[in-house]
């Protein structure tokens, strides 16, 4: 056990506790925690929790299938509520017909979306309504909006992120007014877009960043873009990110898949299916990335990459709908408005 | 749209189909597909499907909470059965008390495990009982047991896998008897351990492989081990993998988490929690990997690495049980037998 001593040399503060079985997956304990929200109880609920998550749903029909499906949705929220109880996160339901007035008051717009109230902010969750996706999303929302990079080893972790948008800025310190503007801009996009900062001269040098400068990285691109005209206000940063957030190649993610899907280009999507872990898929993806790099300045090109491994429940559905075999990479055009699509089979 | 033409240059066979909404997550359609298996109907069920999955469960108590939890488990299987219906995968339940005789006949041993019957094989699933994990596991089981690497670009995909065991062999071709032995050995471990092969001289040269030789890669190690005494029989390969499959550093995976957890070292586990996507976690993990590399020959050292991002539902449970904060990396010793643990807080 020499090795462990070695690892632990840098740590201290030993403490003991019970381990139980270690891997006890939570199952629903039968206690109802999800609130049926109405005009009488909503103020109290908003006060009671640090974060309140409201599912804005259409009225439920009385047939057996709709009832059962609604129960399943309730169970997703009940289990999330149970798991997140220690973090003071509450859950509720708002019916778009029965509670129309309340919905308007609270700013809930899209049926099927879940809205999160955190301090003064309203954040829309437009992703897969599964307990694990939702819990991860909400825990990410509890973290600091900006992640600070202190060393060159930590910078490696930053370098490894290439499949989503990221920003990094160099600032004097946590008290700098420009850092504060950056932090407030980050809150607008948390947890969808990752914001990093460094206060370290060496790290900044490695990144080619000047003081108070922020770099914007498009997914899959080798080089970042310096955001012009530093230092920036919060509004300038928000504006820049909003303008640049539709990337040439975007990976579909469970936490915002519906938002991405609705953001089509004149009614169409170019969709590529490729499993990154699979040699065929990897090879195909490398070509796709190269195409994206060569065409990053073309505003008319946007490709959605779907890794089927991220969506096991949709695989057979896609195969049936698009008449494709997802054991191999595929690319095609989907017409989102008039529900027709073409797919191209790879030789 | 020049770019897309460029991508598509290598492909052909265009075809059209309806797209519907593209991202319609399956919800339970109300049709019961999971069979309550008994001595009368099991032969018919085994014949009807290409793969039959049986949950071997303990008798269900009559209290409300147990009933509700059992219903939830049934729903996990019902949804999996619905999604996988086009692939001829059937599902059933076997009660360990009521169907004890049948269980014995079929070789079902561990309560709570799911057993998959595929051709002549019986595969145990001892992972997280969630529909997405299960569906992905079963789809992986439908793929070929050996993945063939044809080019140096595909080899990059192979190189990128470093967090699980992998094997790669160089053979003359698909008809080689040594390749066939390798393929049959692969079936013993599918889909838990990945087997690759190449028939390409250039790829083999890059890997340093001689004809009919197989390399075994332990997770997180830079260099593989040549399996001695080539060419091998199926039994020799199976024996070697079984002997070497407990790695110095293992990542806990949803698909076999319980099996890993039960494979403790004299009643204890060294457990490290680290988020790979997080700069802190990444830095910590790099140290852990170095320790594993330095101690790969020490049979008494085995560390289980848990990335909390893979288990969002367990995060608050672990924090409570081990009294730790999982927003930061943590390492500790868990005593699996007498349910006590120590955790070491990182400074």
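Just so you know, all these numbers are worked out from the coordinates, no wet-lab data involved. The structure displayed is predicted, hence computed values, not measured ones. FYI the Cβ positions are ideal-geometry reconstructions off the backbone, even for glycines, and counts take in every protein chain you see.
For the pair residue A:222 and residue A:122, label points projected 7 Å from Cα toward Cβ lie 4.5 nm apart. Modelled spin labels at residue A:36 and residue B:153, positioned 7 Å past Cα toward Cβ, are 5.8 nm from each other. Reported value for region A:146-244: 87 Å³ per residue, from the convex hull of its C-alpha atoms.
Our summary gives region A:249-344 a relative contact order of 39 percent, counting only alpha carbon pairs under 8 angstrom and 6 or more residues apart. For region B:173-295, the normalised intensity computed at q = 0.10, 0.13, 0.18 Å⁻¹ comes to -0.41, -0.67, -1.09 (log10 of I(q)/I(0), Debye sum over alpha carbons, equal scatterers, no solvent).
Its Kirkwood hydrodynamic radius, worked out from the mean inverse distance over all distinct Cα pairs, puts region B:249-344 at 13.7 Å. Label points for residue A:229 are taken 7 Å from Cα along Cα→Cβ. From this copy to the others they lie 7.5 nm apart, shortest first. Normalised by the number of residues in chain A, the mean separation of alpha-carbon contacts (under 8 Å, six or more apart) gives a relative contact order of 12 percent.
With the label put 7 angstrom out from Cα along the Cα-to-Cβ vector, residue B:109 ends up 5.8 nm from the copy partners, going from closest to farthest.
Modelled label positions at residue A:66 and residue B:201, each set 7 Å beyond Cα in the direction of Cβ, lie 6.9 nm from each other. Starting from the Cα gyration tensor of chain B, take the square roots of the eigenvalues, sort them a ≥ b ≥ c, and report rounded, prolate or oblate (rounded when a/c is under 1.5, otherwise prolate if a/b is larger than b/c, else oblate). Taking the square roots of the gyration eigenvalues as a ≥ b ≥ c, chain B is rounded. For the protein assembly as shown, the alpha carbon convex hull comes to 186 Å³ per residue, rounded to a whole number. Mind checking which of B:329, B:254, B:312 has the largest fluctuation in a GNM of chain B, springs on alpha carbons under 10 Å? Greatest mean-square fluctuation among the candidates belongs to B:312. In plain terms, if you count all Cα to Cα distances in region A:71-139 and split them into 5 Å steps from zero, the share in each step is 3, 15, 27, 26, 20, 8, 1 percent. Between copies, the label points at residue B:210 (set 7 angstrom from Cα along Cα-to-Cβ) are spaced 6.1 nm, reported in nanometres from shortest to longest. Go ahead and set up a Gaussian network model of chain B, Cα springs under 10 Å, then flag whichever of B:223, B:159, B:99 fluctuates most. Residue with maximal mean-square fluctuation among B:223, B:159, B:99: B:159. Relative contact order of region B:35-142, taken over Cα pairs closer than 8 Å and 6 or more residues apart, is 37 percent.
Structure remark: mean-square fluctuation, Gaussian network model of chain B, C-alpha springs under 10 Å; the largest value among B:54, B:167, B:207 belongs to B:207. The distance from the alpha carbon centre of region A:115-172 to that of region B:123-148 is 30 Å, rounded to a whole number.
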